[in-house]
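Everything below concerns the one structure shown next.
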Amino acid sequence: MTETPTRPQPPGRNTRRASRARTRPARLAPLDLLGLGLLGIRTRKMRAALSALGISIGIATLIVVTGIPASSQKALMEELDALGTNVLEAVAPADTRDAAPLPKEALAMIDRVGPVTGSSAVANTHATVHRSDRVDRNEFSGLTVLAAQRDLLKTVNGSVRSGKFLDPATDALPTAVLGSTAAERLGFDALRPGAPAPQIYVGERWFTVIGILDPVPLADDLDRSVLVGWRAAADQLDFDGHPTVIYVTARDDAVEDVRAVLPATINPQLPGMVQISRPSDALAAKRATEGTFSALFLGLAGVALLVGGIGVANTMFISILERRREIGLRRALGATRGQIRTQFLTESVALSLLGGAAGTVLGLLGVVGYAALQGWPLVVPPAAVGGGLAGAVVVGMAAGVYPSVRAARLTPTEALAAT
């Protein structure tokens, strides 16, 4: 019996699927891609260190050129604030002070204005002051006795040189704080702990000196004044409770607006009877300085990142030329263009991230050291630190795009033939 030869059957659907599955390149897990990306860094440590050094210098420069100017700006702003950029004075015109004094409720009404950050007041008690009750009554005629609110020093940025200022415990007692000039004229240079507190003769009563002030640049009239508590002035010196000068502090961006509403706020019935000082010229200088520093920060940061990005791009391009044999061998073993592209892009980002971390540390150390050397307050913008690390990653990705694409375009024969 003759057997009929069987014709070869075309491969079925399952066979074709199995064939495609055998020829389909294996997908790499994220950890495998990360390992390949770090391969060049692990095997060429010196080159990787030098490559990371470029981006680290760029990020360190970013931190330094933002941190040092920010610290300098903070020191300058503190000096400008000491000049009273946000302090306004409200007084009644000299010829109407007796007829239309400032209302007693003025401070409470001022505090209701939103942009106001503080307010305080002094009032002329028209009392006389003497070193004792046995000296010539005209000897100290140049000094003024003022009733003062307890928060006066905070509002006018003043400080106590010796002793203490008025507080709730001494506000109603016959105690006095001397301005710097008043203390000199009365013969007091400092209050010594443990020694009996000196006394002065105010009006017809003895007052105990509890403090001496440093010069007050924002209110030099206080230097020639003897300050007594608001309640003590009412009880001991027949003070009527009407303030003479009101000091107001406001947010820098709202000083002009506060100045415009103060007259009607202080004296709603007679706003024309209130004079408000104009904002300090230092306020305009402060605003101009802030704008200049902001533009400087952006410019310097951009240059620093650009320099670091160019360094990474150059390093990755050279790395491709050095590793063409590796690229060709991996392509011959079945690596896809996408895998080659991802490998070199990952390496670029890793180099930039390592350099960014090192640069951030170096930049912070540089800012801390320089600020301490200059005696400036330490200011490191958080955006500079976070932006440094984020910028390193972004720069690494941008710098690695072209080299990784170029590496992926190499065929196995091109890569192996060029070695």
Discussion item. So in region 210-241, with the set limited to residues that are touching a strand residue (DSSP E or B) at 6+ places or on another chain (Cβ under 8 Å) and among the acidic types (Asp, Glu), which one is surrounded by the fewest Cβ atoms within 10 Å (Cβ to Cβ)?
Written reply: 214
Worksheet entry | Flag for residue 380 being under 24 Å from residue 52 (Cβ atoms), in a loop (DSSP other than H, G, I, E, B) and at pLDDT 70 or above | yes
Discussion item. Let me spell it out: the conditions are (1) open to solvent by less than 80 Å² (accessible area, probe 1.4 Å); (2) modelled with pLDDT under 80; (3) of a type outside the set (Gly, Ala, Ser); (4) more than 23 Å from residue 148 (Cα to Cα), and residue 287 meets all of them except one. Which number is the exception?
Written reply: (1)
Response to the item:
Of the conditions (1) within 18 Å of residue 273 (Cβ to Cβ); (2) at pLDDT below 85; (3) of a type in the set (A, V, I, L, M), the single one that residue 76 does not satisfy is (1)
Practice prompt. Give the number of residues within region 367-380 that are in contact with a helix residue (DSSP H, G or I) (Cβ under 9 Å, 6 or more places away or on another chain) and surrounded by fewer than 17 Cβ atoms within 10 Å (Cβ to Cβ).
Written response: 6
Item to complete: Just need a number here: residues in region 167-203 that are within 40 Å of the chain's Cα centre (by Cα), of a type in the set (A, V, I, L, M, F, W, C) and over 18 Å from residue 224 (Cβ atoms).
Response: 3
Discussion item. Whether any residue in region 312-331 is of a type in the set (Gly, Ala, Ser), at pLDDT below 70, open to solvent by less than 80 Å² (accessible area, probe 1.4 Å) and assigned to a helix (DSSP H, G or I) is what I want to check.
Written reply: yes
Practice prompt. Name the one entry in 255, 261, 248 that is aliphatic (A, V, I, L, M), at pLDDT 90 or above, in a helix (DSSP H, G or I) and within 17 Å of residue 118 (Cα to Cα).
Written response: 261
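The values are calculated or read from the model by the stated rules, or taken from the named source; none is laboratory data. Note that the structure is predicted; figures quoted are calculated from it, not measured. Here the Cβ is made from the backbone with ideal geometry for all residues, glycine too, and neighbour counts use every protein chain on show. All accessible areas refer to the heavy atoms of the entire protein, side chains included, with ligands and DNA or RNA removed. Shrake-Rupley method; radii C 1.70, N 1.55, O 1.52, S 1.80 Å.
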